[in-house]
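The values are calculated or read from the model by the stated rules, or taken from the named source; none is laboratory data. Only a predicted model underlies this, so the values are computations on that prediction, with no experimental measurement involved. Don't worry about glycine lacking a Cβ; one is built from the backbone with ideal geometry, like all the others, and counts go over all protein chains shown.
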């Protein structure tokens, strides 16, 4: 059986020797027909050039930081094998601690409305834009009108039970206030 032609990766720069050593170890572990050289490739045309410098004059060169050579070499080997390297942005984000459950008050008011009652949702931990959006959602769920003003939501009619259920679905702790 004929031996596969050896491909060359050229490492250039201050830490080229260390990177070439790590590359040879990883390539040997996988049995790859790749060799790593530093400086002059010795007549062989390099398949990849890795330069350790602050800037590179050649667009085909990769510029690596010397702080984590093994990770960089493993990424290079994965690309040479045709694999896909997962970027840091694609890694699953760390789970944030659960947000504190906010208690909102749901009550009924008739004062100043000539006997017409409204259901009021107050003590919302939201911005004015978020309160407007929540008011629109709640009005739709109740099938009635209402408004968002002074940091609270007023829904026409007595919808305390329905609003409490909807707010609990959205993750709020609901406290009924008043009669």
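Of all residues in region 135-163, which are touching a residue at least 40 places away in the same chain (Cβ under 8 Å) and surrounded by fewer than 18 Cβ atoms within 10 Å (Cβ to Cβ)?
Within region 135-163, 156, 157, 158 qualify.
Among the residues of region 164-179, what is the count of those that are part of a loop (DSSP other than H, G, I, E, B) and surrounded by 14 or more Cβ atoms within 10 Å (Cβ to Cβ)?
So the answer is 2.
Residue under question is residue 126, and the condition is that it be under 18 Å from residue 175 (Cβ atoms) and either part of a helix (DSSP H, G or I) or not assigned by TED's automatic domain parsing to the domain that holds residue 108 (or both); does it hold?
Criteria not met by residue 126.
Residue by residue through region 109-128, note down the ones that are more than 10 Å from residue 151 (Cα to Cα) and either under 26 Å from the mean Cα position of the chain (by Cα) or at pLDDT 90 or above (or both).
118, 119, 120
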